[in-house]
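Undergrad: This is the structure, below, for whatever I ask next.
The values are calculated or read from the model by the stated rules, or taken from the named source; none is laboratory data. It should be emphasised that the depicted structure is a prediction, and the values quoted were computed from it without experimental measurement. Please note: Cβ atoms are built from the backbone with ideal geometry, for glycine as well, and neighbour counts cover all protein chains shown.
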Amino acid sequence: MKIGIISDVHLGDSNCKLIKDGKVTLKYNEFKNTVFRFTKGDSLDYLVLNGDILDFSINSFEESCISAKPFFQALQRDKLTKELIYIPGNHDKHIWDAVEWETNVIRRLKEHKDPRPFRRTQPGYIDYVINTPLVLQGVSRVTGTDHYGTLYLEGLFELNKTLPINIVYPNLYIKTKEDVYLITHGHMLELAWVLLSEILCSEPELVGKKGVRELEEYNIPLTSMICTAVGQAGAVSRLFYKIQREAKVGRTDRLKKLLDNILPKLDNLLELPWYAELLDNALLMAIRQFALSIAGDISDARYDKQFYLKDSIKSRFMRFLVASFSQAEELGIGFPNKIIFGHTHEPRSYNDPMEVAVSVLKDGKLYLYNTGGWLDEKGKSAEIFFFDDNGTLSSINIE
């Protein structure tokens, strides 16, 4: 089996290097040629899309899907891969949510059956040791074939020219003779994606097992809102996106103007007695200062080379790792000792992994790699990872 891994294409973002104005770019051709050099002209068995492939956070669903079609159609036309493995990230998690709705609600109702509970997660694994192709636990293959269904995502391809797309969320495991690799986007290491489970963890109703499923399920009330909803509100989305982009370069002009407009309106809506007016005004001023303070210190994982070294990330990382270890053990493939992330857009190659001490592993060391990203930002690049037929890992950087 030959496998390639990329992430953070952000189809729908005008800065995407692979698609411009509805057409593939010279950078896409460089990506294609790099793959074919590795395969010696053959198709990959699997191309793993490790999150943030479509970008629903800055575009409507329809705009992002239309922007994505040239990429997926090029993959099929160029015979770059036999199958795709799609691991949604924070910007495209609705890909997984839609799979949940289609398989557990829509199809069931169309067949006059009761809906089923959502899975919340769908692990997948590939085992080089016994030459086992992708297994999706609990999922049936298409009748008469050796692959799983593409579901609604077949619409990204030309009619009758589809590729099987296997949806895995949030973890794919690849077992080789020497190592077990965890392929995951990495957004669950950020506070926003586990905030509710962290602040509610001591509540008696939630004490107990905290596996990957619980990390996803407990945080849905917040993550469903922040994942993609901000990109689906038309002019409001464009306003919020502008404020966000300004904040990331240290500006708060538009946010100040917004606060100056809405706080008086909020004050008028709060019908309080006269003796509470001072408290009311103080509260509104505190809200204003707090919002400006947060915006002035805004940061996220993108382009953060020190992301995995932060104390808060280290503790969150260990919680995610323990949950993933438990999941891997249930699948019977052993604890991962190497992880390939996306999310930060900061590549770490096969030759330059980050080393983390983890006592439960055989040699006490965990190695982290990163696929970088495909946005047109100065000095940034993407790392394509490859597994060859023997399960040997390598990577190639594309600037």
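Undergrad: Restricting to the range 340-360, and then to whatever is of a type in the set (A, V, I, L, M) and surrounded by fewer than 17 Cβ atoms within 10 Å (Cβ to Cβ), can you tell me which residue is farthest from LEU191 (Cα to Cα)?
TA: Top of the filtered list is VAL360.
Undergrad: Restricting the search to the range 302-349, which residues are among the acidic types (Asp, Glu) and in contact with a Gly (Cβ under 8 Å, 6 or more places away or on another chain)?
TA: The answer is GLU346, and nothing else.
Undergrad: Looking at (1) in a helix (DSSP H, G or I); (2) surrounded by 17 or more Cβ atoms within 10 Å (Cβ to Cβ), which is the one condition that is false for TYR148?
TA: (1)
Undergrad: Residues that are modelled with pLDDT of 95 or more, at least 3 per element: which strands (runs of 3 or more DSSP E) completely within the range 283-399 meet that?
TA: 338-341, 365-370, 382-387, 393-398
Undergrad: Taking the condition of being surrounded by 16 or more Cβ atoms within 10 Å (Cβ to Cβ) and either not basic (Lys, Arg) or not assigned by TED's automatic domain parsing to the domain that holds LEU368 (or both), how many residues in the range 306-321 meet it?
TA: Counting residues in the range 306-321 that are surrounded by 16 or more Cβ atoms within 10 Å (Cβ to Cβ) and either not basic (Lys, Arg) or not assigned by TED's automatic domain parsing to the domain that holds LEU368 (or both) gives 6.
Let's see how each residue does on (1) touching a Phe, Trp or Tyr at 6+ places or on another chain (Cβ under 8 Å); (2) among the hydrophobic types (A, V, I, L, M, F, W, C); (3) in the same structural domain as ASP388 (by TED's automatic domain parsing); (4) buried (at least 24 other Cβ atoms within 10 Å of the Cβ):
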position: ASP13; (1), (2), (3), (4): no, no, yes, no
position: VAL24; (1), (2), (3), (4): yes, yes, yes, no
position: LYS27; (1), (2), (3), (4): yes, no, yes, no
position: ASN33; (1), (2), (3), (4): no, no, yes, no
position: PHE38; (1), (2), (3), (4): yes, yes, yes, no
position: GLY51; (1), (2), (3), (4): no, no, yes, yes
position: ASP55; (1), (2), (3), (4): no, no, yes, yes
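Undergrad: Right, something else. So, MET225, is that one of a type in the set (A, V, I, L, M), at pLDDT below 80 and either surrounded by 13 or more Cβ atoms within 10 Å (Cβ to Cβ) or assigned to a helix (DSSP H, G or I) (or both) or not?
TA: yes
Undergrad: What residue, among those in the range 42-66 that are assigned to a helix (DSSP H, G or I) and farther than 25 Å from ILE183 by Cβ, is nearest to the chain's Cα centre (by Cα)?
TA: Per the criteria, the residue is PHE61.
Undergrad: Residue by residue through the range 1-25, note down the ones that are in a loop (DSSP other than H, G, I, E, B) and without any contact (Cβ under 8 Å) to a residue 12 or more places away in the chain.
TA: Hits for the range 1-25 are SER14, ASP21, THR25.
Undergrad: Output the number of residues of the range 114-160 satisfying the condition of being touching a residue at least 12 places away in the same chain (Cβ under 8 Å), at negative phi and of a type in the set (Gly, Ala, Ser).
TA: 3
Undergrad: Sticking with this one: What number of residues within the range 57-82 satisfy the criterion of being in contact with a His (Cβ under 8 Å, 6 or more places away or on another chain) and surrounded by fewer than 21 Cβ atoms within 10 Å (Cβ to Cβ)?
TA: Total satisfying the criteria: 1.
Undergrad: Output the number of the condition that ILE199 fails; it satisfies all remaining conditions of (1) surrounded by fewer than 14 Cβ atoms within 10 Å (Cβ to Cβ); (2) modelled with pLDDT under 80; (3) closer than 30 Å to ILE313 by Cα.
TA: (2)
Undergrad: While we're looking at this one, here's another question. So which residues in the range 26-41 are free of Cβ contacts under 8 Å to residues at least 60 places away in the same chain and either within 19 Å of ILE174 (Cβ to Cβ) or not in a loop (DSSP other than H, G, I, E, B) (or both), if there are any at all?
TA: LEU26, TYR28, ASN29, LYS32, ASN33, PHE36, ARG37, THR39
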